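Scroll down for the structure; my scribbles are underneath it.
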Amino acid sequence: MLLPVNKQRAPNPIHPEVNSSSGGKEMGLVYAEIELISGDDLVLHRRGFVKEDQIKRMKVNALVDTGAYMLVINEHIKEQLDLSVIEEQVFRLADESELRAEIVGPVEVRFENRSTTVRAAVLTGDVEVLLGSIPMEDLDVVIDPKQQRLMVNPESPYIARKHLK
């Protein structure tokens with residue numbers, strides 16, 4: 001889980017190690033298949049410079065992490081989608097260590113009938129994708145803890161509902 005460097009988090013007595021070779025049915029963990037799309041390619045397509053079949057996109061199995069703020073991807077995904085570096089930021093990890101990471105984007109995230117455009121933090125190595133609270137809020141999705149799944153908000157199933165105040 002990533003936190004901005006100046007934010008504190010309540011200690012979590014249960015901190016399971018994540019190694020998701022099983023596809024995501026570990027106790028208490030929720031995974032969702034999301035599609036990640038190059039935001040730059042989408043703009044070029046809308047303007048007629050790129051054909052639809054040339055838009056860089058990929059489906060990934062993301063750990064749904066309400067304790068993380070952002071979308072987190074690995075270097076392989078950054079390269080596959082040809083995402084531009086916007087800046088670098090410092091993040092605090094769940095173990096209280098800090099690291100500097102690239103921020104890339106734009107990335108369009110799609111889940112079922114929802115989409116949002118966000119920036120993503122890039123971590124080195126073979127890290128799994130994290131879907132954080134900011135893109136989840138914008139997608140208007142909720143976690144069903146009994147079924148251990150991400151789902152479209154049942155109170156607004158056809159169109160995302162946003163809070164402006």
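Just so it is clear, none of the values below were taken in a lab; they were calculated from the coordinates. Just so you know, these numbers come straight off a predicted model, no measurement behind them. Neighbour counts are summed over all protein chains in view; Cβ atoms, including those assigned to glycine, are modelled from backbone coordinates with ideal geometry.
Values for this structure:
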{"read-out": "Gain on full stretching of the segment that runs from V43 to S156 - 0.36 nm per residue minus C-alpha separation", "value": "37.9 nm"}
{"read-out": "Residues H76, H163 arranged by fewest to most Cβ contacts within 10 Å", "value": "H163, H76"}
{"read-out": "Which of R46, R119 has the fewest Cβ neighbours within 10 Å, and the rest in rising order", "value": "R46, R119"}
{"read-out": "Cα coordinate range in segment 32-152, projected on the principal axes (Å, largest first)", "value": "45, 34, 22"}
{"read-out": "Simple label model, 7 Å out from Cα along Cβ direction - D144 to E79, nm", "value": "3.8 nm"}
{"read-out": "Cα-projected label distance for Q89 with T66, points at 7 Å along beta-carbon direction, nm", "value": "2.1 nm"}
{"read-out": "Given charges at beta-carbon only (K, R positive; D, E negative), |dipole| of segment 32-152 in Debye", "value": "400 debye"}
{"read-out": "Sorted by Cβ neighbour density within 10 Å, fewest at the top, the residues S38, S133, S115", "value": "S133, S115, S38"}
